[in-house]
1. Going by the conditions given, is I354 in contact with a Leu (Cβ under 6 Å, 6 or more places away or on another chain) and of a type outside the set (S, T, N, Q)?
2. Considering only residues that are of a type in the set (S, T, N, Q), out of contact with any strand residue (DSSP E or B) (no Cβ under 8 Å at 6 or more places or on another chain) and part of a loop (DSSP other than H, G, I, E, B), look in the range 266-291 and name the one that is nearest to D329 (Cα to Cα).
3. Would you call G411 at pLDDT 90 or above and either small (G, A, S) or in the same structural domain as A112 (by the TED database) (or both)?
4. Among the residues of the range 249-265, are any part of a loop (DSSP other than H, G, I, E, B), touching a helix residue (DSSP H, G or I) at 6+ places or on another chain (Cβ under 9 Å), assigned by the TED database to the domain that holds I337 and β-branched (V, I, T)?
5. Could you run through the range 292-306 and say how many residues are under 21 Å from A250 (Cβ atoms) and not in a strand (DSSP E or B)?
6. Confirm whether T220 is among the hydroxyl-bearing types (S, T, Y), more than 23 Å from G409 (Cα to Cα) and touching a residue at least 60 places away in the same chain (Cβ under 8 Å).
7. Quick one: is L382 surrounded by fewer than 21 Cβ atoms within 10 Å (Cβ to Cβ), over 28 Å from the mean Cα position of the chain (by Cα) and among the aliphatic types (A, V, I, L, M)?
8. Please pick out the residue among Y140, Y226 that is among the hydroxyl-bearing types (S, T, Y), in contact with a strand residue (DSSP E or B) (Cβ under 7 Å, 6 or more places away or on another chain) and touching a residue at least 60 places away in the same chain (Cβ under 8 Å).
Amino acid sequence: MRVQTPSTYSLALSQLCQDHMFRCHRAPADLLISTSRTWGSVHDWFETAIPLFGHSFTELAVWLSEAEFQTRLTEYFSHPPSFYYTRREPFGVCAGIGAWNFPFQMAVWKSAPALAAGNAMVFKPSPLTPLTASRLVELYVKGGCPENLFSVVLGGNEAGQTLVNHPFVAKISFTGSVAGGRAVLSTAAHRIIPGTVELGGKSALIIMPDADLDEAVKGTLMANFYSQGQVCSNAARVYVHKTILKEFQAKLLSAVESLRVGDPFCPSTSMGAMITAEHKEKVQKYIQSAIAEGATLLTDDRPAMFPPNSPLISGHFLRPCVLTDCRDDMTAVKEEIFGPVLTLLSFESEDEVIQRVNNSELGLAGGVFTQNLSAAHRIAALLECGSVYVNSYNVYPPGIPFGGYKQSGFGRENSMDTLHSYTQLKAVYVEGGKLPHPFPS
């Protein structure tokens with residue numbers, strides 16, 4: 001099934017909105033378990049997050065009914081009664097490739113707008129977290145979508161390249177590393193097909209001198225330690241005005257020390273395990289390099305401790321890490337770590353911190369804590385990134401666009417722009433009168 005009109009599947013998606021999974025306040029137990037076991041993130045977080053992802057379908061139903069997405073008719077005033085109209089048409093088969101973090105969200109954010117716009121989608125999840133995408137196949141069919149409208153293929157990089165190279169695939173949506181994005185876009189350019197890419201981030205959070213420090217500390221925790229720091233939009237660079245650095249640092253350390261690392265299924269756990277042993281080792285090397293370059297470690301660097309007979313002993317656990325005395329030229333400050341590592345930097349003026357924050361090849365997200373809303377909006381306009389959070393961080397309500405500037409990619413997920421990106425715009429001109437002779441004598 002390669003091409004349909006957008007309206008063909010809007011009803012099926014609306015029915016899916018009513019599925020028990022998205023109406024209830026708790027996600028299905030098997031989906032929660034498979035997500036926590038493969039990704040290692042805390043079980044309780046997904047109990048609220050997974051149903052929230054389901055609200056994407058409700059937003060799609062609204063967008064499909066809005067005039068902006070419908071056929072638009074325009075009268076040709078200089079030549080009545082002629083007119084033209086535009087219509088949005090699907091590409092046919094789209095390919096989605098997801099990263100290993102947020103595996104269910106990746107599958108939903110890519111497939112829902114593709115199907116709503118009238119396309120089919122073949123989705124390849126990361127081989128590290130493949131289970132929830134397969135579960136989504138069942139949910140689509142249960143919601144009324146035809147079988148095979150959304151299908152899943154499993155495999156690594158070779159499977160992804162094969163998918164992108166397939167002659168039936170007419171549009172690509174990729175989430176992953178900058179290197180992976182380059183490879184996908186290279187293939188897309190060779191085939192001359194459109195692609196959307198959401199790549200890495202090295203985001204920053206700015207704490208202004210008038211910030212509510214208790215709120216800023218909570219925002220800093222949200223920006224660094226959810227899902228063990230394995231979040232592309234994390235603000236691992238935390239710039240604090242020098243006049244409040246000591247007070248902020250003390251409050252932050254007190255909050256970090258209360259975080260509990262351990263079993264992701266335990267209600268009191270704050271952070272679960274890293275995705276693999278190799279990734280844990282990579283994160284530890286970044287910490288060691290920062291210390292070697294002059295940073296000061298403020299937190300406990302001992303391995304997480306568990307009872308002698310606990311199965312958690314073999315897990316890939318890391319304690320939250322806070323580094324101070326950091327500089328912009330440090331490797332751990334410049335490169336994406338993708339782990340629970342927070343680097344503290346001080347600044348003196350707004351102009352200075354904006355310049356330093358923007359001095360990055362990446363531009364996924366950013367944030368600012370201040371009680372001055374005029375300053376907040378001014379800073380938001382100056383930050384070179386796709387998302388800016390004011391007095392909050394890492395919040396993704398349904399409908400808010402998500403994507404990056406610079407090498408963090410282009411295109412957006414989770415918005416009307418996403419729905420448009422899965423369609424091609426066609427213009428139709430209709431002559432309402434008699435044509436003049438094109439070559440009058």
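The values are calculated or read from the model by the stated rules, or taken from the named source; none is laboratory data. Note that the structure is predicted; figures quoted are calculated from it, not measured. A quick note on method: Cβ atoms are made from the backbone with ideal geometry, for glycine too, and the neighbour counts reach across all protein chains shown.
1. Here the answer is yes, as I354 does meet what is asked.
2. Looking at the filtered set, the residue picked out is T276.
3. Yes: the conditions hold for G411.
4. no
5. Going through the range 292-306 one residue at a time, the tally reaches 5.
6. It is true that T220 is among the hydroxyl-bearing types (S, T, Y), more than 23 Å from G409 (Cα to Cα) and touching a residue at least 60 places away in the same chain (Cβ under 8 Å).
7. no
8. On inspection, the qualifying residue turns out to be Y140.
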